[in-house]
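> Have a look at this one before I ask anything.
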Amino acid sequence: MKRKIPISMLLALVMLAAVAAFNVSYIIIWNTFNDRLTTLNAREAAFIKLSEIAAYVDEYYIREYDPESLLDGAAEGYIGALPDSSSYYVSAEEADIRDKAEENGFTGIGIVGCRNREYSGISVLDMYEGSTAAEFGVERFDVITAVDGKSVASIGYENAMERIRGEEGTSVKLTLYRERTGETLTLHVRRGAVISEHTLDHRILDGQIGYIAIDNFDAGTDTLFLAALSDLKNAGITSLILDVRMNPGGYMDVMTNMADPLMPEGVIYAQQHSSGEMTEVYSDEESLDLPIVVLIDEYTSGVGEYFAAALQISGSATLVGTTTAGFGYAQSRLDLSDGSVMVLSSLEYYTPEGVSLQEVGVSPDVKVSMNLDARYALLEEGKGEDLPLREAVAMLTE
């Protein structure tokens, strides 16, 4: 027999529920208010500090100064203090110069650069045919440590690369460390005309092994890659070598289009937004049913690293070479109201296993390395043997 609950008890329960709901709502609202108050207090403290600095400078500083330059300096210092060398600030004047250079086509000194973590600079991986860099004395594997007197370590890799670009006919001052000889050089290099970028090369090795060298993952590389892959398949290859050594990266969507036909259905990579939202990018079930070897080295950077990782983790390829550079952030450009620009790291990429490659890189399955002198002799003088490529050919032949 069921017992009836007294009306007084029901009323008491309703009152308790109402009080509990009010308390929970109150706590949520109070915590939200406190968070906002803390943020407002922090912002107010920052404005007060800047106002105090400006007032003291105005009262005590002995020389004439440009207030706008001070504001640019404050903004540059604010972004520069972030724990990430890939974020930076560009003044309105400099942003205008860069935008005009962009409108007029790619002008620069004709180098392919990659981050060099050891020397906090830019490694010169290659120079395009007819580039002014070679004409004015830059050599492959030189490390650019400063651009127009500003160290790459302080302004960041992306900002330094942007500063190297500019109006055709103007010059840029580069401080270089030539690792092979231990020299430090200062060169004034004239910027050249529009440069056509070469992105990949393909051929057949030892009769049945397809080989594709991928210079970068810039726009259009995926179209060239798929055409090259089709050519090699039609030629009857039995295996494939993909060479992403000295590849400085590019666009993730381009890489996705290239990795998709090589691997089975699954995650190619994941990305985390500044909001904390995580999204995954998948390949379909169609895949290349051939043995694949991917060549990597310490200059394989960013997008190239995630390309290699996706193929390795999916079991589609064996990696040969040395551990990659270890960069996993992407940047967003934010235009400010006065024409100045902030470039902030706003995305972090992850492998299919949920691992960020930032400062970690991808490790090869088979380690094969070459010292700098051997690489220089092979690439610049055609002397010696490409040991990682030889190992890849031997693996696929066996």
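> Kindly check whether there is at least one residue in region 163-170 that is outside any helix (DSSP H, G or I), over 19 Å from LEU379 (Cα atoms) and modelled with pLDDT of 95 or more.
no
Residue-by-condition table, conditions (1) β-branched (Val, Ile, Thr); (2) in a helix (DSSP H, G or I):
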residue	(1), (2)
ALA133	no, yes
MET161	no, yes
LEU174	no, no
THR184	yes, no
GLY192	no, no
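> Also, I was wondering about something else. Which pairs turn up if I take residues in region 114-132 that are free of Cβ contacts under 8 Å to residues at least 12 places away in the same chain and look for partners that are hydrophobic (A, V, I, L, M, F, W, C) with beta carbon separation below 9 Å, at least 6 apart in sequence or on another chain?
Close Cβ pairs satisfying both conditions: GLU118/VAL143.
> Which of the residues spanning region 136-159 are assigned to a helix (DSSP H, G or I) and either surrounded by 20 or more Cβ atoms within 10 Å (Cβ to Cβ) or free of Cβ contacts under 8 Å to residues at least 12 places away in the same chain (or both)?
VAL152, ILE155, TYR157, ASN159
> Please work out which one of (1) surrounded by fewer than 20 Cβ atoms within 10 Å (Cβ to Cβ); (2) at negative phi; (3) touching a residue at least 40 places away in the same chain (Cβ under 8 Å) is the condition ALA219 fails and give its number.
Looking at each condition in turn, ALA219 falls short on (3).
> Looking at GLN272 and the list (1) free of Cβ contacts under 8 Å to residues at least 24 places away in the same chain; (2) among the polar types (S, T, N, Q); (3) not in a loop (DSSP other than H, G, I, E, B), which single condition is not satisfied?
Condition not satisfied by GLN272: (1).
> Yes or no: GLU102 in a helix (DSSP H, G or I), modelled with pLDDT of 85 or more and of a type in the set (D, E, K, R)?
No, not satisfied.
> Here's a check for you: in region 105-119, which residue that is at pLDDT 85 or above and crowded, with 18+ Cβ neighbours inside 10 Å is farthest from GLY192 (Cα to Cα)?
Among those residues, the one meeting the criterion is ASN116.
> For region 124-150, give me each residue that is at pLDDT below 95, touching a Gly at 6+ places or on another chain (Cβ under 8 Å) and closer than 21 Å to THR181 by Cα.
Passing the criteria: VAL124, LEU125, MET127, ALA133, ALA134.
> Still on this structure, I have one more. Examine region 274-282 for a residue that is in contact with an Asp or Glu (Cβ under 9 Å, 6 or more places away or on another chain), farther than 23 Å from THR238 by Cα and not hydroxyl-bearing (Ser, Thr, Tyr), and state whether such a residue exists.
Taking every residue of region 274-282 in turn, at least one turns out to be in contact with an Asp or Glu (Cβ under 9 Å, 6 or more places away or on another chain), farther than 23 Å from THR238 by Cα and not hydroxyl-bearing (Ser, Thr, Tyr).
> For region 230-259, name all the residues that are under 26 Å from the mean Cα position of the chain (by Cα), free of Cβ contacts under 8 Å to residues at least 40 places away in the same chain and either surrounded by 20 or more Cβ atoms within 10 Å (Cβ to Cβ) or assigned to a loop (DSSP other than H, G, I, E, B) (or both).
Within region 230-259, just THR256 meets the criteria.
The values are calculated or read from the model by the stated rules, or taken from the named source; none is laboratory data. This is a predicted model, so every value here is computed, not measured. All Cβ positions, glycine included, derive from the backbone under ideal geometry; neighbour counts span all protein chains shown.
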